[in-house]
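**Q** One structure, pasted below without further comment.
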Amino acid sequence: MSLILKILGWVLIAAAAVVLFYPLISSETVSNPLLNAIPAGVLVALGAQLLLQGKNASEKNEKRSSFFLESCVRAYDEAYNLLKDGNNDRGVWIATGRALIHAKELAKNVSDKSHIRVLELHKLKYRGIFHGILADKPAAFFFGAKDISISTEEAARLSTAREESFGRVFTSTVNELSETSLRAVWEAAQWPTDYQDPLKLEFTENEKAKLLVLFPGLHEFFEHKKSWISASGKLFPKNENTR
């Protein structure tokens, strides 16, 4: 919306210039300059007003985007803080899942390009964190077992065993982590299907040649790769066709 207002503003200002100066440079009879100045002034005033509104709308959108960026990062931080001690408490994981869902929805409203880049940096960090939280855990962990070294069968049995709390006995508890919370954490660890990797540029041959003086090890690495290929723990010489 702000861009449209700015474009319209400049269009009106350009139109004012045409109204004011075209009669002076055309072959037609020159009209009274004052008569041309009045509509030109009106167009300039309208154009300036639209430009101001466009600027205000742009600033408002930037503030709005900044608010959602900060809120989204806080939601990710909250989710991480809940799980950083390595717990497998069902209630804590449900709270974590809710925080991550909130973060996902808040991220949709981050619209400023620079804010989107900053958000992607935070997501990059948390993808690794949440991946690690899920990747190295045995099945017993997800059943809520306090001792995760026990067998899966034992952990499953204990996940609903009777418990006593504050003098009350619960004949059947639910300690296993909820699937919805697990999926929320799993989703936060995934790469989006439309992710565009910013790493695109490789060294040019001229740049590789310049590495010899300041970065000899890196230069040797590239020189070795020109002649050899590693596969299955063995080195094979490259032929001319594969270089």
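**Q** Considering each residue of the stretch 181-215, count those that are part of a loop (DSSP other than H, G, I, E, B), among the polar types (S, T, N, Q) and over 16 Å from Tyr126 (Cβ atoms), and give that number.
**A** Residues that pass the stated criteria total 3.
**Q** While we're on this one: Please go through the stretch 109-136 and give me each residue that is free of Cβ contacts under 8 Å to residues at least 24 places away in the same chain and either among the acidic types (Asp, Glu) or part of a loop (DSSP other than H, G, I, E, B) (or both), ordered by number.
**A** The answer is Glu120, Asp136.
**Q** Only one of these conditions is not met by Thr173: (1) touching a strand residue (DSSP E or B) at 6+ places or on another chain (Cβ under 7 Å); (2) surrounded by fewer than 11 Cβ atoms within 10 Å (Cβ to Cβ). Which number is it?
**A** If we test Thr173 against (1) touching a strand residue (DSSP E or B) at 6+ places or on another chain (Cβ under 7 Å); (2) surrounded by fewer than 11 Cβ atoms within 10 Å (Cβ to Cβ), just (2) comes out false.
**Q** Let me ask something else. How many residues are part of a helix (DSSP H, G or I) and of a type in the set (A, V, I, L, M) when one looks only at the stretch 137-148?
**A** So the count comes out to 2.
**Q** Let me ask you something else. From the list Gly41, Gly97, Gly91, exactly one residue is closer than 30 Å to Gly144 by Cβ, surrounded by fewer than 15 Cβ atoms within 10 Å (Cβ to Cβ) and at pLDDT 65 or above. Which is it?
**A** Of Gly41, Gly97, Gly91, the one residue that is closer than 30 Å to Gly144 by Cβ, surrounded by fewer than 15 Cβ atoms within 10 Å (Cβ to Cβ) and at pLDDT 65 or above is Gly91.
**Q** If I filter the stretch 178-197 for residues that are touching a Ser or Thr at 6+ places or on another chain (Cβ under 7 Å) and aromatic (Phe, Trp, Tyr), do I get at least one hit?
**A** No; the residues of the stretch 178-197 include none that is touching a Ser or Thr at 6+ places or on another chain (Cβ under 7 Å) and aromatic (Phe, Trp, Tyr).
**Q** For the stretch 216-243, enumerate the residues that are among the small types (Gly, Ala, Ser) and either within 34 Å of the chain's Cα centre (by Cα) or in a loop (DSSP other than H, G, I, E, B) (or both).
**A** Matches in the stretch 216-243: Ser232, Gly233.
**Q** Let me spell it out: the conditions are (1) under 11 Å from the mean Cα position of the chain (by Cα); (2) surrounded by fewer than 20 Cβ atoms within 10 Å (Cβ to Cβ), and Leu69 meets all of them except one. Which number is the exception?
**A** (2)
The values are calculated or read from the model by the stated rules, or taken from the named source; none is laboratory data. Here the structure is a predicted model, which is why all the values come from computation and not from measurement. Heads up, the Cβs are rebuilt from the backbone with ideal geometry, glycines too, and the neighbour counts pull from every protein chain shown.
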